[in-house]
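Comments concern the structure below.
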Amino acid sequence: MAPGTPVIRLGLRENWRQFALLVLINAFVGGMVGIERTVVPLIGAEEFGIASTTLVVSFIVSFGLVKAFANLVSGQLADSWGRKRVLVLGWLVGLPVPFMIIFAPSWEWIIAANALLGVNQGLTRSMTVIMKVDLVGPRSRGLAVGLNEFAGYLAVGITAFLTGYIASRYGLRPVPIYLGIGYAILGCLLSILVVRDTRGHVSLETASHEAPAPSITFREIFALTTFRDRNLFAASQAGLVNNLNDGMSWGIFPLFFVSFGLGVERIGILKAIYPATWGILQIVTGPLSDRWGRKGLIVAGMWVQAGALALTAITRQFEWWLLGSVLLGLGTAMVYPSLIAAVSDASHPSWRARSLSVYRFWRDLGYAIGALSAGPIADRFGLAAAIAAVAALTFLSGGVVALAMREADGHSRPMVGPGSVPDEHG
């Protein structure tokens, strides 16, 4: 080792500075989505006069599809280019997004902005979570993911509240979107100037791993993560449904609430409580998944989400909707870090980034599927029916996890190759 070369170690304490920096950057990543949670559906309905719910939520379809495919390539790019380069690229793509929303002369501009936002989120969020998992090693994955998602979704919640508050006083555009300009500039500068790559940590973990690095193609990783391994399949379908209900709530909830006369400031409160609860509680649920295991938290969390959505659909008062938002945040906090940690458990360090990218592909495809399914249901049967239908699907997804997933001993059981038999990974 050359003189002055930093010694690479695994662990949160050993890498706390870079870890904390990545937590901060992921807060800016979350803030970029938060600028849209309250105001963008209302921009479509009120400023552009779009009456069709399907058309209003079309911006979520563009976001979800592009983010899903950005996730899919992010792991491959991370292994070939390095984590830092992919992180910086994601921020460069995201820089125009707030300006496009501010100056959009038509709804098509909003859809295009969300396509760029999808690339931004797919690359930056993938890299922040992959790099944190790289830094801490196998013993604290749940904690690492919990802290990562805490920062991202707390920022979503705070920004959703702030944009609703600002919009109630200054209008839907441009003032609420100024927050996004600050997030994009700060995230980009920190990623370029301060972040260090973590591929050295991956090499260290791989060298000390009890199972040798398998020779495995991306096609084989895609098949394993999608359906061949029972734990990875269970996680992928649950992730898809989790983000399906999140995408539905993103586009449908503001329209549902405003249909009962709720003002934009109170809508902002409801839209903030859900991701804020989700974000804060992941500080607890992430480490709990390291101690208790992943499966129980995932199953219970999906069922809590289903109950929260059903409560929202059948009630007509702000107080009940507030309780539903809190419960939805609680259920998602139980699920989100546990799923990412479960995928990391089931993946060898040498192809973990690619397996996570496949999982995140299916998970974020849920945004598009949620918008595409909830929009037509809402147009035909009403907004409450769309929410109730997604609640039923979320409950069924939790049942799939209960039947298919097997808890790993020590919660860090990696597979050793593409020829492994899925049923042996329990």
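Remarks
- Positive-pole candidate from MET131, ILE101, GLY75, dipole of segment 64-136, charges at beta carbon: MET131
- Residue-normalised accessible area of segment 179-296, expressed per residue, 1.4 Å probe, Å²: 39
- In degrees, nearest ten, helix 178-193 long axis to first principal axis of the chain (Cα): 10
- Summarised in one figure, the compactness ratio Rg/Rh of segment 83-180, Cα atoms and Kirkwood Rh, is 1.06.
- In segment 20-142, the convex hull through the Cα atoms has an average projected area of 8.1 nm², a quarter of its surface area.
- Placing unit charges on each Cβ (+1 for Lys and Arg, -1 for Asp and Glu) gives the chain a dipole about its Cα centre, and among TRP16, ALA341, THR285 the Cα reaching farthest toward its positive end belongs to TRP16.
- The dipole here belongs to the chain: it is taken about the Cα centre, uses +1 on the Cβ of Lys and Arg and -1 on the Cβ of Asp and Glu, and is about 520 debye.
- Over the chain: helical MRE at 222 nm, DSSP H runs n ≥ 4 each giving -39500 (n - 2.57), nearest 500: -26000 deg cm²/dmol
- If you model segment 66-107 as an ellipsoid using its alpha carbon gyration tensor, with each semi-axis the square root of five times an eigenvalue, the axes come out at 27, 12, 4 Å, biggest first.
- Packing, taken as the mean count of other beta carbons within 10 Å per residue, orders the peptides 20-33, 188-201 from highest to lowest as 20-33, 188-201.
- Contour excess over end-to-end distance, with Cα ends at SER259 and SER52 and 0.36 nm allotted per residue: 73.2 nm
- Percent RCO, i.e. relative contact order, over the chain, from Cα pairs under 8 Å lying at least 6 residues apart: 26
- As computed over segment 134-216, the Cα convex hull volume per residue (Å³): 136
- Cross-link reach list, lysines versus LYS132, counting only Cα pairs under 25 Å and skipping chain neighbours closer than eight places: LYS67, LYS84, LYS295
- In the chain, the longest principal axis of the Cα atoms and the axis of helix 352-381 are about 20 degrees apart.
- Per-residue packing, averaged as other Cβ atoms within 10 Å, sorts the ranges 304-311, 11-18, 396-403, 274-281 into the order 274-281, 304-311, 396-403, 11-18, beginning with the highest.
- Furthest towards positive pole of dipole, ALA167, ASN120, ALA385, structure part the chain, Cβ charges: ASN120
The values are calculated or read from the model by the stated rules, or taken from the named source; none is laboratory data. In this text the structure is predicted, and so the values were computed from the model without any measurement. For neighbour counting, all protein chains shown are included, and Cβ atoms are generated from backbone atoms with ideal geometry for every residue, glycine included. Surface accessibility is based on the protein's heavy atoms, side chains included, excluding ligands, DNA and RNA. Shrake-Rupley method; radii C 1.70, N 1.55, O 1.52, S 1.80 Å.
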